[in-house]
Amino acid sequence: MKVISPSLKVVLYTSKEPVKEKYPVKIRVIYNREVKYYSLGVFANEDKFNTTVEPPVIDYGKKVDNAKIKDQFDKAKKAIDAIIESGKDFSFHLFETQYKQTSGSKLKAADYIDLIVEDIEKEERYSTASTYRDCKSSLEAYKPGIRLNEIDRDFLNSYTRHLHKRLSPGSVGIHLRTLRAVINKGIAKKKLSKEAYPFKGFTGIPSTKSRSKKALTKERMKELYDYWKKLSKSEKYSSRWQSLGLFLFSYFAAGINMEDILRLTTEKNMEEGNLKFVRRKTPQQIEIPLHEVAAAIIADFSTVRDNGFLFPFLDKKLPEKTIRHRKMDLLKVVNADLKAIASELGLPDFRFYSARHSFASVQHNQGTSTSQIGEYLGHTSEATTKNYLASLQAETKKEAFGKLL
């Protein structure tokens, strides 16, 4: 009786419509007229998929993609050879079990994160992609070349201690939650077995509820405004002048966030002394009176470069990916400048987001209703605003009790 051997090949899966002219690259296994495909997380243009070699390569493609194609093809071939050598009858279940045992053994965490980022960017979720890139950089800085299946409980414990020495609890939480998402995706894609999940029972991820919302008092905001006026005379257009100007504008414009600031234009967002914009995060329509200080800041920034925007950091028709990258890069500079200013003035450390918290806190202390504050902030419900204000008050009490002695 003739033994039927399975057929193994790497193919370009063209049965569905391409995404941006690219098709997924898959491993195809045929046995006894049954066909199954196994995704590699790699995509290629049809005219760049070179089948003159075995396995195929993507001409002018990323090295990591071609390396993954070869690596996964070799592992699939070894899985089939192992089944044949064992004398067992081939089955897809047996193949998948054998293939899964080796599929994550050499896959580097950095390479897998690159694949995740590529998928996320296809959906134009650039802020999320940036978070995954930061996670990758952090892992590579701590243990270069670490493989996905080497991330176990011992690694998590030592890596968490490493992060706490360098980052705030909030940033540690972001890195660890992102890493957890990477592991979950790896298990879902069968790069790891469920038994390899290292986060079960792990309690080292700081809670988002524990992140403090630092609000500055009205008096400290006045001190910062006076300092900005001083900078306007001595070092106008410097990095510190721009950073503090953006911070103050956010405060005087109801805690508007950086992304919304960068997108403001005279044509779309200025109307009869009011500032109108749609908050991208919620999204909620916000209309507020333009405070005289906010107006003065806009006027000063307009002398830097007149490009149609209220603030001179973007150009028209920029792709979303570029806008997100500019926002993240600008926030890093702004936060570094604000930290230096806080040190110089003897103030507690604060960051750009503190402008939003300070606005809400000052409004609350002046008796503005919760519903009105929520409307200014662009919250979708009053319950959200109540929780937001409660967290601000909790931090204020904590600071007050810290000064008892």
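Listing for the model above:
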| item | result |
| --- | --- |
| Segment 68-91 - residue that is surrounded by fewer than 15 Cβ atoms within 10 Å (Cβ to Cβ) and not basic (Lys, Arg) and, of those, nearest to the chain's Cα centre (by Cα) | Asp74 |
| One residue from Tyr99, Tyr31, Tyr37 being surrounded by 19 or more Cβ atoms within 10 Å (Cβ to Cβ) and either farther than 22 Å from Lys136 by Cβ or not hydrophobic (A, V, I, L, M, F, W, C) (or both) | Tyr99 |
| Output for segment 346-397, where each listed residue is open to solvent by 40 Å² or more (accessible area, probe 1.4 Å), at pLDDT below 85 and under 24 Å from Leu248 (Cβ atoms) | Gln393, Thr396 |
| Residue selected from segment 44-66 under the condition at pLDDT below 90, closer than 16 Å to Pro24 by Cα and surrounded by fewer than 20 Cβ atoms within 10 Å (Cβ to Cβ), by the criterion farthest from the chain's Cα centre (by Cα) | Gly61 |
| Number of the condition not met by Ser171 [criteria: (1) closer than 28 Å to Met258 by Cα; (2) modelled with pLDDT under 95; (3) part of a helix (DSSP H, G or I); (4) in contact with a helix residue (DSSP H, G or I) (Cβ under 6 Å, 6 or more places away or on another chain)] | (4) |
| Any hit, segment 117-124, residues being open to solvent by 60 Å² or more (accessible area, probe 1.4 Å), free of Cβ contacts under 8 Å to residues at least 60 places away in the same chain and not acidic (Asp, Glu) | no |
| Test: residue in segment 152-160 that is part of a loop (DSSP other than H, G, I, E, B), open to solvent by 50 Å² or more (accessible area, probe 1.4 Å), in contact with a Pro (Cβ under 6 Å, 6 or more places away or on another chain) and over 30 Å from Lys281 (Cβ atoms) | yes |
| Residue selected from segment 255-295 under the condition in a loop (DSSP other than H, G, I, E, B) and among the small types (Gly, Ala, Ser), by the criterion farthest from Tyr388 (Cα to Cα) | Gly273 |
| Filtered residues of segment 270-301 (kept if under 26 Å from the mean Cα position of the chain (by Cα) and either among the polar types (S, T, N, Q) or surrounded by 13 or more Cβ atoms within 10 Å (Cβ to Cβ) (or both)) | Phe277, Val278, Arg279, Thr282, Gln284, Gln285, Ile286 |
| Contacts under 9 angstrom Cβ, first residue in segment 256-284 being on the phi > 0 side of the Ramachandran plot, partner assigned to a loop (DSSP other than H, G, I, E, B), 6 or more apart | Gly273/Leu290 |
| Which numbered condition Val304 fails, given (1) under 23 Å from Leu275 (Cα atoms); (2) out of contact with any Pro (no Cβ under 8 Å at 6 or more places or on another chain); (3) open to solvent by 50 Å² or more (accessible area, probe 1.4 Å) | (2) |
| Those residues of segment 102-116 which are modelled with pLDDT under 85 and open to solvent by 60 Å² or more (accessible area, probe 1.4 Å), in sequence order | Lys106 |
| Some residue of segment 195-212 being more than 21 Å from the chain's Cα centre (by Cα), in a loop (DSSP other than H, G, I, E, B) and closer than 30 Å to Tyr37 by Cα | yes |
| Test for Asp337: is it within 17 Å of Gly245 (Cα to Cα), assigned to a helix (DSSP H, G or I), among the charged types (D, E, K, R) and over 18 Å from the mean Cα position of the chain (by Cα) | yes |
| Residues of segment 229-241 satisfying the condition of being open to solvent by 10 Å² or more (accessible area, probe 1.4 Å) and either closer than 26 Å to Gln285 by Cβ or touching a residue at least 12 places away in the same chain (Cβ under 8 Å) (or both) | Ser232, Lys236, Tyr237, Ser239, Arg240 |
| Pair list, Cβ under 9 Å, 6 or more apart: segment 375-391 residue under 22 Å from Lys276 (Cβ atoms) and assigned to a loop (DSSP other than H, G, I, E, B), other residue open to solvent by 30 Å² or more (accessible area, probe 1.4 Å) and of a type in the set (A, V, I, L, M) | Gly378/Val278 |
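The values are calculated or read from the model by the stated rules, or taken from the named source; none is laboratory data. What you see is a predicted model, and the numbers here were worked out from it, not measured in a lab. Note that each Cβ is placed from the backbone with ideal geometry, even for glycine, and that neighbours are counted across all protein chains shown. Heads up: the accessible areas ignore ligands, DNA and RNA and are worked out on the full protein's heavy atoms, side chains in. Shrake-Rupley method; radii C 1.70, N 1.55, O 1.52, S 1.80 Å.
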